[in-house]
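The values are calculated or read from the model by the stated rules, or taken from the named source; none is laboratory data. Here the structure is a predicted model, which is why all the values come from computation and not from measurement. Counting neighbours? That spans all protein chains shown, and the Cβs are built from the backbone with ideal geometry, glycine included. Side chains included, ligands, DNA and RNA excluded: accessible areas come from the protein's heavy atoms. Shrake-Rupley method; radii C 1.70, N 1.55, O 1.52, S 1.80 Å.
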Amino acid sequence: MAVNFDEDEDDEYWSGRSRPKANLFDDDVKVDSRGMFGAIKKEAQSFDDHLTALGLGREEDETDDTITTDWKGNVVNGNVINEMSSKGSSYPKAGSQSHPALMTSSSGIQSARGTGGNVRISSSSVSYNKDSSSMSGFSDNLRPNFNTHTRSASFGTLGEKRPTVSNHSTPVSSNSASSTSLEEAVRREMKTPTNTDMAKLQAEIQSLNRRLKSAEKSRWAPLSVADTVTRIILGDRYSLEPYRSLKDKLALLDAAVGNHDGNAILVVVLFMRKTLSKTVFYEQLSKRPEAANQYIAYIKMHHEKRDSVATEMGHLCRLEEAAMWRYGTANLSSIPHARLKNLMECHGMWFERNPNLTEEATSMKEQIELLNKQLLVEATDDKNEREGRSPFKEMPRKANLYFQPLTTTLFYCSKYHYGESEDYPSSPLHLKREFQLSEKHYLLVALRARSMVKKWDDLEPLLTSKNWRGKARIKSVVKFEQVVNILVQNKAPPGIIDKFLRLVEDEETRMDMARKHKQHEVIIDTLFQMKDRQRLVEYQRHVPHRTDAARHIEDLLRNSGIKWKN
């Protein structure tokens, strides 16, 4: 901070009135009154003499230009900057001619010989400028100029030009025409590369270019097929790009197949699919079943479109496998109408046109027809069940009819729609006719369904047939042993079991079943038909006394008109 004095201040100073004195060596200089620098004026009267003693006086051959030093303390123009640093300085020793006004408590003085220049004292130091306004008692009208917070250099030996710059020192006064900026000083210090350095750089660049070209050439230099396949199996780094010809690619594929490594086979197959035409790729892959299996397993796992997988397998000449894959995917839908649509598309595209899949096409067509009938029956039954109509009111359904097999559908229709006309889709006879069910198949399912709902009167019509004369008789295409077992499982009354048990043709089988189900009357009548008195007497011991069966045995044994065999 610079403080300038005017003439009134000079008069007050020379008037002799006491004024507070300022300490030049204090870092915190404050301007509290106009006369605080009186002591400075008194000491500054002999300022020129002290400068001369220090070797700083003006000489005749010196100019008035400002001398400025750079950061290293070198003189960069004709001006000398004298700064008093905030560190490292002390009072002059005894006998020295330094003036007290040039000393600070924390810094030394940096100067160079010169005249008429600026002298700056930093960290509460004083800068005197010869060109400033005049002060009495000072030569050449010197005026003190105070600046703070500037760090400067220091003297080594008094009168010796040894400029050393301290931290953060900056030139204060400079001529704009002759001063040099910091960037220019740094630029001047930069080292200019020599011819040797340039030669080294050029040699290094050429070496790097040679390495780059060598790397580019080695990229297309393939390893042996065995080494490449080994690298793939071991998980080392490898490259398939050098294998460009079809011969090399097939050799690579054969080597992978020979090692029986699925990952290596798949890597080579995918590389071939990317680099070969589709015709060549499918042709070569179809000749190698193991590689084709790996590829098919891959596309099944990663392809989202099921039609694409079937198409790929078709290109590999695996039409049957593609058809079964598409059939399996068509059955995945849980929506009845959507599944029906998928099955119809699959049947028309993959099964109907393939002569090798004639039987499969017939079965699939029946499945489509069955699902279509299930949609019709379910729609009607669901409506009747919601309205509480018979027979759903007495026998509520536990599940719907969708996606059920033919036997289950026949059982359902025999349970809820028995006796309906054959023209109705829900009639069991309609299903029998449409799907060409055998009599045995139809009879067994219908017997189970009617026995479950305890409709015993419907059993005999199922087992009754007419001969060529038109006479009705009970005859079944299934063995009556099976009929009896069905009746027993559904807990039929003893009279119903007895009735159909007597229709068992084999006598021993009939008696064994009667003994198992405790049908004593059947056993007694069978032994009577066999005229076996001895076994009848023996069986009498197993019959409870005073029962109808016991009295029946006694009546037969007492009958003298019966001709027994033993």
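For N400, state whether it is open to solvent by 70 Å² or more (accessible area, probe 1.4 Å), within 29 Å of K491 (Cα to Cα) and free of Cβ contacts under 8 Å to residues at least 60 places away in the same chain. Spelling it out, N400 is indeed open to solvent by 70 Å² or more (accessible area, probe 1.4 Å), within 29 Å of K491 (Cα to Cα) and free of Cβ contacts under 8 Å to residues at least 60 places away in the same chain. Count of region 500-543 residues, restricted to those that are within 14 Å of Q482 (Cα to Cα) and buried (at least 18 other Cβ atoms within 10 Å of the Cβ), is 6. Of everything listed in (1) open to solvent by less than 60 Å² (accessible area, probe 1.4 Å); (2) more than 23 Å from P336 (Cβ to Cβ); (3) of a type outside the set (S, T, Y), the single unmet condition for L406 is (2). Scanning region 439-454 for residues that are within 28 Å of C413 (Cα to Cα) and not in a helix (DSSP H, G or I) turns up at least one hit. No other residue among N384, N331, N354, N372 is closer than 30 Å to V280 by Cβ and of a type in the set (S, T, N, Q) apart from N354.
For K274, the requirement of being assigned to a helix (DSSP H, G or I) and open to solvent by 80 Å² or more (accessible area, probe 1.4 Å) is met. Taken over region 422-452, the criterion of being free of Cβ contacts under 8 Å to residues at least 60 places away in the same chain and of a type in the set (A, V, I, L, M, F, W, C) is satisfied by L429, L431, L437, L443, L444, V445, A446, L447, A449, M452. For K305, indicate whether it is under 30 Å from E366 (Cβ atoms) and of a type outside the set (F, W, Y). Yes: the conditions hold for K305. If only residues of region 435-471 that are among the acidic types (D, E) and either out of contact with any helix residue (DSSP H, G or I) (no Cβ under 7 Å at 6 or more places or on another chain) or at pLDDT 95 or above (or both) are counted, the one that is surrounded by the fewest Cβ atoms within 10 Å (Cβ to Cβ) is D457. The numbered conditions (1) over 28 Å from the mean Cα position of the chain (by Cα); (2) at pLDDT 95 or above; (3) open to solvent by less than 70 Å² (accessible area, probe 1.4 Å) are all true for V269 except (1).
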